[in-house]
Amino acid sequence: TSQHTSQHTTTHTMDRKQVAMFIVHCHPEGSIGYLMLASLLAPDELVQLDDGQVVDRKQLYVEAIRCDPEWGGAYYDLGDEVTCLEEQVPLHDGRALDKRQLFVEAIRHDPDLAVAYRSLAELLDDDEDEKVQLPDGRELGWGLLQWEALRCDPDCGEAYCELAWGLSEDAGVKVRLPDGRVLDCAQMFVEAIRCRPDYSEAFLGLAKVLTDAKTVQLHDGRVLDKKQLYVEAIRCDKSKSATRSLVALALTLSPDETATLADGRTLNSRQLLQEAVEGAAPPSGPFSNSFDHVPFIKRHGEQRALHRAIAVNDVRAFAIQVLRRRLEPGERLDLSDGTVVEREMAGSGSDDEASSARKRPRRTKQQQQQHRYELRPRRGRTDGS
């Protein structure tokens, strides 16, 4: 049955591509066919048009803009296809626009396109002073761009979540939203979950700002505590590893305490950490594998050290060190991914103090300036490593 369904789906997709090609053939000056065809192609797929051009999705969006230069959505789709911030895409009118300029152009033609404001905010990343000039002359930073996204779409869960993360280090601050409501950090996370009930990032953030003894009521009527929010974050995590949420939940448990996950398994802190390490992708990015977590854990505790590990994209290495601290002296753990975690006998000179003395690469200036120890990845990142 599954094989038949797969074949039917493939055939149906191919039929839609043929329909799109037919529309382009019949109406080469209309944008609909190009936009439809672009939405059906795989990222690296090519297609040959009637005039002999072999084009990809990006070039199809350029053709759609040629046919309808006033369609804001086409500029947004083209900008979304651009992967390099420095890349400039030549248009038929002679302009060459980069990713940011394409999103601004999308807003010029569709001032209520929420996703364009959100995407511009993501391009600003963590630079709080950087601003983008919009077609109406306003210069907006990251926070006001998220605010504009909510003005355009009051059900934009991502905007609620991002604004809440921005306030997570000062959870008492409140923000007046475009519809007049005044919400604090936790309330905005709750709104994000209302908009997207399976939003792992919102559950993770809400758990972070909720104190251990408190509970929060969601719009569906459920009343959850901190541990239950982490369990929900794990359940909703589409990465299948849920590394950050697993580690965060593990740190809330005492040695004798367990947590029951959505799949029915009951795990203790050590088992949660082991699953986090085994499911995590290898670390990547400019900040990974450059920090020794042991001395930071000793000085500041595991919770704050986790915030830093997330900020520097090194949660897996942090989880290994925390798991190691939970082993008995002399115990060795062979994980399914080949990782060996062991704790030397006391007094052997190879325990925490020795490991913290191992030589590490010198930090770059950029790494030294990385000081946002939030329980979340840097804005725009979705990896769970």
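The values are calculated or read from the model by the stated rules, or taken from the named source; none is laboratory data. Please read these numbers as outputs of a predicted model, since none were measured by experiment. Glycine also receives a Cβ, built like all others from the backbone with ideal geometry; neighbour counts cover every protein chain displayed. Remember, those area values only see protein heavy atoms, side chains included, never the ligands or the DNA or RNA. Shrake-Rupley method; radii C 1.70, N 1.55, O 1.52, S 1.80 Å.
A few notes on this one:
- Hits in region 257-288 (condition: at pLDDT 90 or above and of a type in the set (D, E, K, R)): Glu257, Asp263, Arg265, Arg270, Glu275
- Residue match in region 5-28 (condition: assigned to a strand (DSSP E or B) and modelled with pLDDT under 95): no
- Top-ranked residue in region 315-326 [being buried (at least 19 other Cβ atoms within 10 Å of the Cβ) and in contact (Cβ under 8 Å) with a residue 40 or more places away in the chain; ranked as nearest to the chain's Cα centre (by Cα)]: Val315
- Any hit, region 106-124, residues being among the polar types (S, T, N, Q), surrounded by fewer than 17 Cβ atoms within 10 Å (Cβ to Cβ) and under 22 Å from Asp80 (Cα atoms): no
- The set of residues in region 227-252 being open to solvent by 10 Å² or more (accessible area, probe 1.4 Å) and of a type outside the set (Ser, Thr, Tyr) consists of Lys227, Gln228, Val231, Glu232, Ile234, Arg235, Asp237, Lys238, Lys240, Arg244, Leu251.
- Boolean, Gly94 is over 18 Å from Leu37 (Cα atoms) and surrounded by fewer than 18 Cβ atoms within 10 Å (Cβ to Cβ): yes
- Region 179-223: number of residues that are within 17 Å of Leu163 (Cβ to Cβ) and of a type in the set (Asp, Glu): 4
- Subset of region 253-276 [open to solvent by 20 Å² or more (accessible area, probe 1.4 Å) and in a helix (DSSP H, G or I)]: Arg270, Gln271, Gln274, Glu275
- Scanning region 39-96 for residues that are in a loop (DSSP other than H, G, I, E, B) and hydrophobic (A, V, I, L, M, F, W, C) yields Leu41, Ala42, Leu46, Leu49, Trp71, Val82, Cys84, Leu85, Leu91.
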